[in-house]
Amino acid sequence: MLFASGCSQNTPEEGTTEETGGEVTEEVTEGAVEGATEETTEGVTEEATEGAMETEGEGGYSSVINPDDFVEVIDNPYFPLTPGTTFVYEGESEGEPIRDEVYVTNETRTVMGVKTIVVRDREFEDGELAEETFDWYAQDKDGNVWYFGEDSREYDEGEVVSTEGSWEAGVNGAQPGIIMKGNPQVGDTYRQEYLAGEAEDMAEVVSMNESVSVPYGSFENCLKTREWTPLEPGIEENKYYAAETGLLLEITVRGEAEKLELVEIITE
């Protein structure tokens, strides 16, 4: 999965691999459940207003979700999700070509009382569908974009062989996390998801002024994040986002070699 790292995928820290191809300048060294329904819930953030917040209490991570703190659209400049939009990414994983198509559907799914937008993410390896997920996102009044879970399916020769990685906030102890802060600042660290022992992705804002070039175009003043999970020590990735565009580039800087670049945005 590209937008959300998934229960057992992405992990980052400052890496040590220089990017080429979809170039990152600015001294970048780094190495649905077909849902449908409605309603809303609140967000959890470290700097949220009334009610919406995330904390690390005695029992670990805890989120406070109030449906009234959420809005109908997701227009965070670094993570805009306009229904009918498809983001197309291409790259390599361990030397093999991969393609990722992220489609913002017109469907919604209610999770913890919050009406989330359903985003379909399809990953192809050597032209064959390898994984398909339906991710659930919602934005709170402060502009934070929350990740409420996913319905994940892995494929082999056209057949579903696993649904591992699927989770839903509010079920079996799972809690939502933040995919993109409403007002990101260097040094911000936050959970993107939480299900003890299964979904513990973390992110940190590393820079706000990166220069990035990918097949889709060249951008200045980009946001750079470092992402990782304690469940997979030794694996990290960096992601780059441009305001009013969204995710441009994803590079694994520790662990298996993988890189994806934005090549096209299609609107209906």
Among strands (runs of 3 or more DSSP E) lying entirely in region 104-201, which contain 1 or more residues that are under 18 Å from the mean Cα position of the chain (by Cα)? 114-125, 128-140, 145-156, 175-180, 189-191
Matching entry among G95, G91 (being of a type outside the set (S, T, N, Q), at pLDDT below 95 and over 14 Å from F3 (Cα atoms)): G95
Which residues, taken from region 142-167, are within 23 Å of L247 (Cβ to Cβ), in contact with a strand residue (DSSP E or B) (Cβ under 7 Å, 6 or more places away or on another chain) and open to solvent by 50 Å² or more (accessible area, probe 1.4 Å)? R153, E154
Among the candidates D126, D69, D100, D75, residue that is buried (at least 19 other Cβ atoms within 10 Å of the Cβ) and either under 26 Å from T189 (Cα atoms) or modelled with pLDDT under 95 (or both): D69
So, Y240, is that one farther than 22 Å from I265 by Cβ, crowded, with 23+ Cβ neighbours inside 10 Å and of a type in the set (F, W, Y) or not? no
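The values are calculated or read from the model by the stated rules, or taken from the named source; none is laboratory data. The model shown is predicted, which means the values in this text are computed figures rather than measured ones. So basically every Cβ, Gly included, is an ideal-geometry build from the backbone, and we count neighbours across all protein chains shown. SASA here: full protein model, heavy atoms, side chains in, ligands and nucleic acids out. Shrake-Rupley method; radii C 1.70, N 1.55, O 1.52, S 1.80 Å.
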